[in-house]
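S.K.: Okay, here's the structure, questions in a sec.
Laboratory data are not the source of any read-out in this text; all were calculated from the coordinates shown. Keep in mind that what you see is a predicted model, and the values were worked out from it rather than measured. Here the Cβ is made from the backbone with ideal geometry for all residues, glycine too, and neighbour counts use every protein chain on show.
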Amino acid sequence: MVKPFMPQLVYFEPKALDYPLGQELLKKFTDLGKEIRYTTSHNQVRNLPGENDFQRYRIAKSTLVVGIRKTLKFDTSKPSAEYAIPFATGCMGHCHYCYLQTTMGSKPYIRTYVNVEEILEAAENYMEERAPEITRFEASCTSDIVGIDHLTHTLKRAIEYFGQSDLGRLRFVTKFSHVDHLLDAKHNGRTRFRFSMNADYVIKYFEPGTSRLAERIEAAVKVAHAGYPLGFIIAPIYLFEGWKEGYRELFERLSRDLPDDTKQDITFELIQHRFTKPAKKVILKNYPMTKLELDEEKRRYKWGRYGIGKYIYPKEEESEMKETLFEYIHTYFPGSKIEYFT
Ligand code: SF4
């Protein structure tokens, strides 16, 4: 069982202590006997311990930086929402394929922002701009927010905020099962709680440091019982030997364990495995022993933004993957909705 995340080292921006959550976290980590350091900016944490890149990367992923989110301009977040809402950056998980490895570059430490009310105010402005349209906010674009929320309760605050909002909806996805403190949040059905699920094989070989499949399913059942709209992201869909059987087992288990009355409103998002050339380089540096197949010759090149194209599965394999997973979803979750396949 993967234990809830506990940082080994904690940095504070001094200004974070002007906020109640900053004070609360300082007390919490001091009481826990954690090593506390200070940094002028969460963007510039230097001198992390470790003798080489490999060690420093691992230490960074168990380092928490408590700071203030200065940029309150939100990124867009298609296709799952209108905007990304930034409560945290970085993740303690070690998924070999994770795109944060390339987007966060030299700063793989985890940042949490204590000016939560200011972030929510910015969200309110975005909602007003689009009124009377509903505006959806995605809280897991730059981190696995559930993975650190047992320490900060930021997400819980946001769930309750959107629970009171007529114009806003919140959504996020997680690979962690530490959801108990979120079960009594007053969500009013306005937060879609999604779990990232995958065939056992993918979780076992490529997602170290995250909750195992059985734990995620158990957490999804609790979340369903708490009345949240539920969703599953199947990502990355990865073709390993026996993948058809592996994915069938996943849907069978999900369908068997979830209460029938929660199956009608479930959403599925399907994302095939992809990588870019820069990502491949970083993956092989951070996880040199990975079994992840990253052979450009076996993939199809798709042009992307900023001239960085990605390698996805060839047309024929992509169609087979899509047909197979659509069939499983229609068989095991006939009332559900597939939001997209990409
Ligand atoms: Fe990346 Fe998500 Fe894995 Fe964290 S849990 S390392 S964000 S893929």
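S.K.: With the crude spin-label approximation of a point 7 Å out along Cα→Cβ, what separation in nm comes out for L167 versus E218?
M.R.: 4.2
S.K.: Additional query: Provide the percentage of antiparallel DSSP beta bridges, counting only those with both residues in the chain; round to the nearest 5.
M.R.: Values: 8 of 46 bridges.
Among the beta bridges of the chain, antiparallel pairing accounts for roughly 15 percent.
S.K.: Sorted from largest down, give the three principal axis spans of the alpha carbons of region 9-341, whole angstrom values.
M.R.: Dimensions of region 9-341 along the principal axes of its Cα atoms: 55, 48, 37 Å.
S.K.: Return the long-range amide H neighbours of R300 (sequence gap of 5 or more, or a different chain), with a cut-off of under 5 Å between placed amide H atoms.
M.R.: Amide H neighbours of R300, under 5 Å, 5+ apart: I312, Y313.
S.K.: Once you order the gyration tensor axes a ≥ b ≥ c over the Cα atoms, which shape class does region 1-122 get: rounded for a/c under 1.5, otherwise prolate or oblate by comparing a/b with b/c? Provide the component values of the computation, followed by the final result.
M.R.: Numbers: a/c = 1.66, a/b = 1.08, b/c = 1.53.
Here region 1-122 falls in the oblate category.
S.K.: Further, regarding this structure: For region 1-40, with equal point scatterers placed on the C-alpha atoms only and solvent neglected, what are the log10 I(q)/I(0) values from the Debye formula at q = 0.18, 0.26, 0.32 1/Å, to two decimals?
M.R.: Evaluating at q = 0.18, 0.26, 0.32 Å⁻¹ gives log10 I(q)/I(0) of -0.51, -0.90, -1.14.
S.K.: Using the number of other C-beta atoms within 10 angstrom as an exposure proxy, rank V65, V116 with the fewest first. Could you put the intermediate results ahead of the total?
M.R.: Details: V65 28, V116 21.
With the fewest neighbours first, V65, V116 line up as V116, V65.
S.K.: For I338, what residues show an amide H to amide H distance below 5 Å, using hydrogens built from the backbone and excluding near sequence neighbours?
M.R.: Residues meeting the criterion, in which the H sits 1.01 Å from N, are F268.
S.K.: Which distance in nm do the two modelled labels at F326 and R256 give, with both placed 7 Å along the Cα-to-Cβ direction?
M.R.: 2.8
S.K.: A further question follows. List the cysteines in the chain whose Cβ has no other cysteine Cβ under 4.7 Å from it.
M.R.: C91, C141
S.K.: What do you get for Rg/Rh of region 11-80 when both radii come from the Cα atoms and Rh is the Kirkwood radius?
M.R.: Working: Rg = 14.7 Å, Rh = 13.9 Å.
Rg/Rh: 1.05.
S.K.: Based on DSSP H runs of at least 4 residues, each adding -39500 (n - 2.57), what is the mean residue ellipticity at 222 nm of the chain after dividing by all its residues, to the nearest 500 deg cm²/dmol? Could you put the intermediate results ahead of the total?
M.R.: Values: 11 runs with 120 residues, N = 342.
Result for the chain, helices only: -10500 deg cm²/dmol.
S.K.: Quick check: residue separation of L284 and D265 times 0.36 nm, minus the Cα distance between them. What number comes out in nm? Walk me through the intermediate numbers first.
M.R.: Working: separation 19, 0.36 × 19 = 6.84 nm, distance 3.94 nm.
Gain in length upon complete extension: 2.9 nm.
S.K.: Give the Debye-formula value of log10 I(q)/I(0) at each listed q (0.12 Å⁻¹), with one equal scatterer per alpha carbon of region 222-342, two decimals each.
M.R.: Treating every Cα as an identical point scatterer, log10 I(q)/I(0) equals -0.55.
S.K.: Work out how much length I59 to E297 would gain on full extension: take 0.36 nm times their residue separation and subtract the Cα-Cα distance, in nm to one decimal. Mind showing how you got there, number by number?
M.R.: On the way: separation 238, 0.36 × 238 = 85.68 nm, distance 3.44 nm.
Length gained, I59 through E297: 82.2 nm.
S.K.: Cα atoms only, region 113-180: Rg and Dmax in Å?
M.R.: Every Cα atom of region 113-180 included, Rg and Dmax give 12.3, 35 Å.
S.K.: With the cut-off at 22 Å, tell me which of the pairs K244/K310; K285/K310; K78/K280; K78/K107; K27/K175; K78/K263 have Cα atoms farther apart than that.
M.R.: Values: K244/K310 24 Å; K285/K310 19 Å; K78/K280 24 Å; K78/K107 25 Å; K27/K175 28 Å; K78/K263 25 Å.
As for pairs spanning more than 22 Å Cα to Cα, those are K244/K310; K78/K280; K78/K107; K27/K175; K78/K263.
S.K.: Ok, one more. Using r as the Cβ-Cβ distance of T102 and Y340, and R0 as 22 Å, what FRET efficiency do you calculate, to the nearest 0.05?
M.R.: Working: r = 22 Å, r/R0 = 1.02.
So the FRET efficiency works out to roughly 0.45.
S.K.: For K204 and K28, compute 0.36 nm times the residue count separating them, minus their Cα-Cα distance, and round to one decimal in nm.
M.R.: Working: separation 176, 0.36 × 176 = 63.36 nm, distance 3.28 nm.
Additional length available on full extension: 60.1 nm.
S.K.: Which shape class, rounded, prolate or oblate, goes with region 64-104 when its Cα gyration tensor gives a ≥ b ≥ c as root eigenvalues, a/c under 1.5 marks rounded, and past that a/b bigger than b/c marks prolate? Before the final figure, lay out the partial values.
M.R.: Values: a/c = 2.48, a/b = 1.15, b/c = 2.16.
Taking the square roots of the gyration eigenvalues as a ≥ b ≥ c, region 64-104 is oblate.
S.K.: Another question about this same structure. If you take every DSSP beta bridge fully contained in region 169-319, what fraction is antiparallel? Give it as a percent rounded to 5.
M.R.: Details: 4 of 19 bridges.
Given both bridge residues lie in region 169-319, the antiparallel proportion sits at roughly 20 percent.
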